[in-house]
Every structure is written in structure tokens, then in C-alpha cells.
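Written out below as C-alpha cells is the structure these notes cover.
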Amino acid sequence: MWLSADEQAAWRPFIALLFRLPAALDAQLQRDAGISHFEYLVLANLSEAPDRTLRMSDLAALASGSLSRLSHVVSRLEARGWVRREPCPGDGRYINAVLTEDGWAKVTATAPGHVAAVRALLIDVLTPQQLQDFGAISSAVLQGKDQNDDPERTVASPQRNRLTALTGAAGRLAAWRAARLPRTRVRPGPGRAGRAASAR
């Protein structure tokens, strides 16, 4: 059954956005920093994490990629000295990705151009209310997509869907920040600059 006229009016601009916005963001990063948008997301998410370290499974969820894709990308970033992998100290079944000092320098050098592109392509063309609605709509679509990917969502599976992994990873980051911020001032390190780096 075909989409209605109203449904087409919403769907077609969305499809165009899916193609054109990621391509524009990737082109800016390739041109100005020599990295892909996915590589930037990996570096930026590590820069926000406690000790600039994340489990590979959590990092894949935060960067909206598969663990297989992340593994290939991290190998490239390791070759450039920006990331290293090491066993998780608390659980040897997991592998951690760690942002190096050179990786931190790459994020902080790349962030201003990326943030400017995000503002020019999205933030500045929407009103505050439109931006809030856009975020809510995007979250709803992502949640529906993840539920459709795994309709059973069995509790026995530790990685039953990307939404669950993303919630767990984001929750650990939020808990770490909440525990630190009341006791100490935010220092210019992974927290503050990292949030700017990921344009969020």
C-alpha cells in the first residue's frame, strides 16, 4: 500500500536528510581533519568517558555502529597512535578502547570545525522548539527501530539490542559525572571539551 500524501510529505524530506546530512558532515571532516565521521564519533565518545576509556561494546553502541565495524576502525586509529586496546581490568572477558594523548589532541583540534558544521547544517536552521522536537522525534524513531530489530528483547541476552547497550553505556557515563561533579570542579579534560567535541 502506498503512503498517503501527508506521509509522503514527511517521508521524502527525511530520506533526503538521511543521505545529504551525513555526507556533508563526513566531507567536512575528511577535508579538514582527514578522518571519517564515524572515526570522529569514536574519538569524541572516548574523550567524554571516564579515564577516556570505554568497553568496545559500549563504544560501538554510542557511535551507532556494529562491533565488527568498530574493530576495523579502531585498528586504523591504533595505527595512527590515537587509540589503544587493552583488557578490561575488572572483567577480562571485555576489551577496552583507550584514547591516547595524541588522540585527545586530535579530538580537540578537530572539534571546532565539526561543531561549526553541525551548527551551520542543523542547529542554526531550526528554532529552539523545532530543535527540541527534532531530538524527540529522532529518539522515538531510533527506539522503534531497535525494538523492531529484536522484538523479543530477551533478558538473557546481554546485548539484546543497540538501545539497551546505548542506555547502559550512557548511564555509566552519567553516573560517573554525577559522582564527580559535586565534589570537584570540572577540569579541562575528557568531560568539558569532550562534550563540545561530540557537538551535543
One finds, for residue 85 and residue 137 with R0 = 35 angstrom and r their Cβ-Cβ distance, a FRET efficiency to the nearest 0.05 of 0.45
What residues have an amide H closer than 5 Å to that of residue 35, excluding those fewer than 5 places away on the same chain, when H is modeled at 1.01 Å from N in the peptide plane?
30
Please give the contour-minus-distance gain from residue 64 to residue 93: 0.36 nm per residue of separation, less the Cα-Cα distance, rounded to one decimal in nm.
8.2 nm
Using 0.36 nm per residue of separation minus the Cα-Cα distance, give me the extension gain between residue 18 and residue 71 in nm, one decimal.
16.6 nm
Ranked 2, 104, criterion: other C-beta atoms within 10 Å, fewest first:
2, 104
How far apart, in nanometres, would the label points at residue 31 and residue 11 be if each is projected 7 angstrom from Cα along the Cα-to-Cβ direction?
3.3
For segment 64-149, alpha-carbon Rg and Dmax in angstrom
17.6, 47
Suppose R0 equals 45 Å. What FRET efficiency, 1/(1 + (r/R0)^6) with r the Cβ-Cβ distance, do residue 108 and residue 3 give to the nearest 0.05?
0.50
Find how much the distance from residue 121 to residue 101 grows on full extension, using 0.36 nm per residue of separation minus their present alpha carbon separation; answer in nm with one decimal.
4.2 nm
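Readers should treat all values here as calculations from the given coordinates under stated rules, not as data from a laboratory. Computed from a predicted model, the values in this text were never measured in an experiment. We place every Cβ from the backbone using ideal geometry, glycine too, and count neighbours over all the protein chains shown.
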